[in-house]
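The values are calculated or read from the model by the stated rules, or taken from the named source; none is laboratory data. Treat the numbers as computed from the prediction; the structure is a model and nothing was measured. Virtual Cβ from ideal backbone geometry, glycine too; neighbours counted across all protein chains shown. Ligands, DNA and RNA are excluded from the accessible area calculation, which covers all protein heavy atoms including side chains. Shrake-Rupley method; radii C 1.70, N 1.55, O 1.52, S 1.80 Å.
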Amino acid sequence: MQIYINGELVPDAQAKVSVFDHGLLYGDGAFEGIRVYGGRVFKLREHVDRLFRSAHHLAITVPVDREGLAEAILRTARANGIVDGYVRVTLTRGIGLGLDPKNIKNPTLVIIASQLALYPQEMYETGLEIVTVSTRVPQAQAIEPRIKSLGKYIGNILAKMEANRVGAGEGLMLNCDGYVAEATGDNVFIVREGALLTPPPHIGILEGITRGTVIELARKLGIPVSEQLMTLYDVYNADECFLTGTAAEVIPAVKVDGRAIGSGRPGPVTQRLIAEFRAFVAEEGVPIG
Ligand code: PXG
C-alpha cells in the first residue's frame, strides 16, 4: 500500500506521523471519507470543498490548493490500483506540543486509499435494525457539526460501541434537546406520505454529501424533501426510514428500538432511491486515470 504524506507517496510501513502531531494530541484536524466506484472518485469536488471549508474554519492552511488536493487524491487511488474502494484524507494542524496552536506552521496531510468494509448486500434488501443510543451529538453552538473534525468523533465511536453491544446495525443519535440527529457515520431520513424528511444541519449533524446527493435525486424524481425537526415518535411512526453515508450508501432501516417502521421491510421510496443512487454512482465521478 502506498500512502500519501505531505506530497510524497511512501510504503505503508514507512508512513508515520509524529507523536507531537496535534491530530493525535488533541484531535486537532479534519478529514474526509470518499468512495471510488468503478475507477471514478465519487463527488470529488464536494469532498475537496468540504475539507477546505473545515480547514478554513479551523484556520488550518491546506498545504495544496483545491486542484492539488484533487490531484493528490487521484494519484493515491491510482498508486494503489483502487477500482472500488475508499479514500481517507486526513488534515491536521501539524506538529507542536501544547494546546496553543500559535507556533504550529506546517499542517500534516495524509491520504490513504484502501478497500472498504461494506455492509453485506443482503442488508440492503432486508434492511437494518437500529437502536437509539445514549450518546448525544454535541450542540451545534459548541462544536460546529459541518466541520468534519477529528476530535468530534469520540462521541460517534462511543455511540457505535453502544450499537455494537446490542448487535444493532447502527446507532441513532439524538441531540441534547432530544431531537433525532444522525447515525454514527450516516445521516437519517424518514418517508412520510411519499415525502422525505431529514433533520436540518443546525441541530448538530454533518451536512453529508450522500445526503445532498439523495436530496437532489429525490427532487429530480418529484419526491418532496424537507429539512425538519423530528423526534423518535416521528421515526417510529414513519412509513419508511433509511440512512445515507459514504460507507453505507443508501440503506433501509426497518426496525428502530424494536419497533417495525411501516411494513417492517424496505419501502418503495427507499428502494427507488437505492436504485437511482446506484445508477448515479456508476456515471458520476472523476476518473482516476
Ligand atoms: N454523519 C456523520 C457523523 C458522518 O461521519 C455522515 C453523516 C455521512 O456523510 P457523507 O458525506 O459520507 O455522506 C458521516 C460520514 C470513516 C468514514 O470511516 C466516516 C464517514 C464517511 C466515510 C468514512 O471515518 N462519515
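Take every DSSP beta bridge whose two residues both sit in the range 121-276; close to 65 percent of them are antiparallel.
Of the residues Ile251, Gly264, Phe280, the one whose Cα sits farthest towards the positive end of the charge dipole of the chain is Phe280 (charges of +1 on Lys and Arg Cβ, -1 on Asp and Glu Cβ, taken about the Cα centre).
Using the alpha-carbon atoms, what tilt in degrees (0 to 90, nearest 10) does helix 66-79 show relative to the longest principal axis of the chain? Around 90 degrees separate the two axes. Label sites at Ala13 and Ala117, each approximated as a point 7 angstrom past Cα along Cα to Cβ, lie 2.5 nm apart.
The magnitude of the dipole of the chain, with charges of +1 and -1 set on the Cβ of Lys/Arg and Asp/Glu and taken from the Cα centre, is near 420 debye. Share of carbon and sulfur in the accessible area of the range 220-289 stands at 53%, probe radius 1.4 Å.
Quick one: grab the alpha carbon gyration tensor of the range 227-289, order the square roots of its eigenvalues as a ≥ b ≥ c, and give me rounded if a/c is under 1.5, else prolate or oblate depending on whether a/b is larger than b/c. Judged from the Cα gyration tensor, the range 227-289 comes out prolate (a/c at least 1.5, a/b above b/c). Each stretch of four or more DSSP H residues adds -39500 (n - 2.57); spread over every residue of the chain, this sum gives -9000 deg cm²/dmol at 222 nm. Can you grab the distance from the C-alpha centre of the range 226-268 to the C-alpha centre of the range 34-76, Å, no decimals? First find each Cα centre; the distance between them is then 30 Å. When you filter the trypsin sites (Lys or Arg not before Pro) in the range 202-275 for DSSP loop state and at most 16 other Cβ atoms inside 10 Å of their Cβ, nothing is left.
Between rounded, prolate and oblate, where does the range 64-203 land on the alpha carbon gyration tensor, with a ≥ b ≥ c its root eigenvalues, rounded for a/c under 1.5, else prolate if a/b exceeds b/c? Please report the intermediate quantities before stating the final value.
Numbers: a/c = 2.00, a/b = 1.31, b/c = 1.52.
Here the range 64-203 falls in the oblate category.
Where only protein heavy atoms count, and the probe is 1.4 Å, what is the accessible area per residue for the chain in Å²? List each step's numbers first, then the result.
Working: 13290 Å² over 289 residues.
Using a 1.4 Å probe on heavy atoms only, each residue of the chain averages 46 Å².
Taking a point 7 Å from the Cα of Gln141 along the Cα-to-Cβ direction, the residues of the range 175-195 with backbone N closer than 19 Å to it are 175-181. Look at the Cα gyration tensor of the range 14-122: its axes a ≥ b ≥ c give a/c of at least 1.5 with a/b over b/c, and that counts as prolate.
Rounded to the nearest 20 debye, the dipole magnitude of the range 2-114 is 180 debye, with +1 charges on Lys and Arg beta carbons, -1 on Asp and Glu beta carbons, and the Cα centre as origin.
Under the 0.36 nm per residue contour assumption, what length would be gained going from the current alpha-carbon distance of Ser134 and Tyr233 to full extension? If you can, show how the numbers build up before the last one.
Numbers: separation 99, 0.36 × 99 = 35.64 nm, distance 1.66 nm.
That pair, Ser134 and Tyr233, stretches by 34.0 nm at full extension.
Only Lys, Arg, Asp and Glu carry charge here, each on its Cβ (+1 for the first two, -1 for the last two); on that basis the range 140-289 has a dipole of about 220 debye about its Cα centre. How far, in degrees from 0 to 90, does helix 153-165 lean away from the longest principal axis of the Cα atoms of the chain, to the nearest 10? Here the helix axis deviates by roughly 50 degrees. Inter-label distance, Ala247 to Arg45: 2.8 nm, where each label sits 7 Å from its Cα along the C-beta direction. Restricting the calculation to Cα atoms, every distinct pair contributes to the Kirkwood radius of the chain, found to be 19.7 Å. Distance between the 7 Å Cα→Cβ label points at Ser263 and Ala195: 2.3 nm.
The angle between the Cα long axis of helix 44-58 and the longest principal axis of the Cα atoms of the chain comes to about 70 degrees, rounded to the nearest 10. Taking Phe52, Phe20, Phe31 as the candidate residues, the one with maximal mean-square fluctuation in a Gaussian network model of the chain, Cα springs under 10 Å, is Phe20.
Of the residues Ile73, Ile112, Tyr4, the one whose Cα sits farthest towards the positive end of the charge dipole of the range 2-114 is Ile73 (charges of +1 on Lys and Arg Cβ, -1 on Asp and Glu Cβ, taken about the Cα centre). Within straight-line reach of Lys102, meaning a Cα separation under 15 Å, sit the following aspartates and glutamates at least 8 residues removed in sequence or on another chain: Asp21, Asp28.
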